[in-house]
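Contents: one structure, followed by commentary.
The values are calculated or read from the model by the stated rules, or taken from the named source; none is laboratory data. Just so it is clear, the model here is predicted, and its values are computed rather than measured. No Cβ is skipped: glycine too gets one built from the backbone with ideal geometry, and neighbour counts run over all protein chains shown. For accessibility, only protein heavy atoms count, side chains too; no ligands or nucleic acids. Shrake-Rupley method; radii C 1.70, N 1.55, O 1.52, S 1.80 Å.
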Amino acid sequence: MTSTQNGRLLNWLETHRDGITRLEAARDLGIMNLWCRVSEIEALGYVIGREDGVEVPDRFGKVCRVTRYTLVSIPDSIAA
C-alpha cells in the first residue's frame, strides 16, 4: 500500500513512532493535505492521535506550533 499517499502515510506512521507533522508530510512524502489523508485512514478504522501545539523551529529559526499525528492502533481486521 505504499504507492498511494495513504499508503506512504501509514508506512511512515508504522515506522516512525514519534509521528508526523504537516511539514514532514509535504517534504518527505509529497502529501500537501495531511489532515485529509488522516481523515481517510481514520475512516478505514485506524486510530490516529493528535498532539496540538508541538513547538518546532521554522526555516528562520523561529518557534512555531504545529499538530503532530501518531498511529495509536490499527483495525482488528488488519491486525489479525
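Some notes on this structure:
- Packing-based order for 51-64, 12-25, using average beta carbon neighbours within 10 Å, highest first: 12-25, 51-64
- Taken per residue, the accessible surface of the chain reaches 66 Å², heavy atoms only and a 1.4 Å probe.
- Counting only Cβ charges, +1 for Lys and Arg and -1 for Asp and Glu, the dipole size of the chain around its Cα centre is about 300 debye.
- Accessible surface of the chain [probe 1.4 Å, protein heavy atoms]: carbon and sulfur percent: 52
- Positive-end extreme of charge dipole, the chain - chosen from Tyr69, Thr4, Thr21 (charges on Cβ): Thr21
- Once semi-axes √(5λ) of the Cα gyration tensor in Å is calculated for the structure shown, the corresponding label among [x] 24, 13, 10; [y] 19, 16, 13; [z] 21, 15, 11 turns out to be [x].
- Around Trp12: net Lys/Arg minus Asp/Glu count, Cβ-Cβ under 10 Å: -2
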